[in-house]
1. Looking for whichever is out of contact with any helix residue (DSSP H, G or I) (no Cβ under 9 Å at 6 or more places or on another chain), exposed (fewer than 14 other Cβ atoms within 10 Å of the Cβ) and more than 26 Å from residue 125 (Cβ to Cβ) here; the options are 45, 110, 11. Which one fits?
2. If you scan the stretch 66-112, which residues turn out to be under 22 Å from residue 29 (Cα atoms) and over 17 Å from the mean Cα position of the chain (by Cα)?
3. Please give the number of the condition residue 20 fails out of (1) modelled with pLDDT under 95; (2) loosely packed, with under 14 Cβ neighbours inside 10 Å.
4. Which one of these is over 14 Å from residue 3 (Cβ atoms) and in a strand (DSSP E or B): 116, 51?
5. Among (1) modelled with pLDDT of 95 or more; (2) over 13 Å from the mean Cα position of the chain (by Cα), which single condition is residue 63 missing?
6. Quick check on my filter: what residues within the stretch 64-80 are part of a loop (DSSP other than H, G, I, E, B) and in contact with a strand residue (DSSP E or B) (Cβ under 6 Å, 6 or more places away or on another chain)?
7. Given the residues 6, 67, which is the only one that is within 22 Å of residue 125 (Cα to Cα) and in contact (Cβ under 8 Å) with a residue 24 or more places away in the chain?
């Protein structure tokens, strides 16, 4: 099973923000849309990284006085973790678990094609295994 089996069914609704935007703007997007991550895109839609709830909490601790003026770009990793629609689901899950990420942008032809969460991947695998009842239970565990 591949990432494309999930992302193309799920749709491509992903919330994005530019690198020069303030971190508080990313937090506003998350709160308004009930999401835990915002993808940071530069020119021509190039994915530069992501800002997660965890990144915002870390910024609050690391830069309490500067938080109101902190730009999204100041919180990004040097190399964003992404996946491709052709990547195997198990490989992406292992990468997410190893690096302690709950979400990962999906990149196709150099552009943002969607986003997958660890729970998306887990639910898909349970459904494919014929474990629909367990998939229903896991779908309520949004914190994964």
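1. From the options 45, 110, 11, the qualifying one is 45.
2. 66, 67, 68, 69, 70, 71, 74
3. (1)
4. 51
5. Unmet for residue 63, out of (1) modelled with pLDDT of 95 or more; (2) over 13 Å from the mean Cα position of the chain (by Cα): (1).
6. Once the filter is applied, which keeps residues that are part of a loop (DSSP other than H, G, I, E, B) and in contact with a strand residue (DSSP E or B) (Cβ under 6 Å, 6 or more places away or on another chain), the stretch 64-80 yields 76, 77, 80.
7. Working: 67 fails: within 22 Å of residue 125 (Cα to Cα).
Exactly one residue qualifies, and that residue is 6.
To keep it simple, each residue is scored yes or no on (1) under 17 Å from residue 113 (Cβ atoms); (2) out of contact with any helix residue (DSSP H, G or I) (no Cβ under 9 Å at 6 or more places or on another chain).
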| site | (1), (2) |
| --- | --- |
| 7 | yes, no |
| 23 | no, no |
| 26 | no, no |
| 33 | no, yes |
| 37 | yes, no |
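The values are calculated or read from the model by the stated rules, or taken from the named source; none is laboratory data. Everything numeric here is computed off the predicted structure, so don't read it as measured data. A quick note on method: Cβ atoms are made from the backbone with ideal geometry, for glycine too, and the neighbour counts reach across all protein chains shown.
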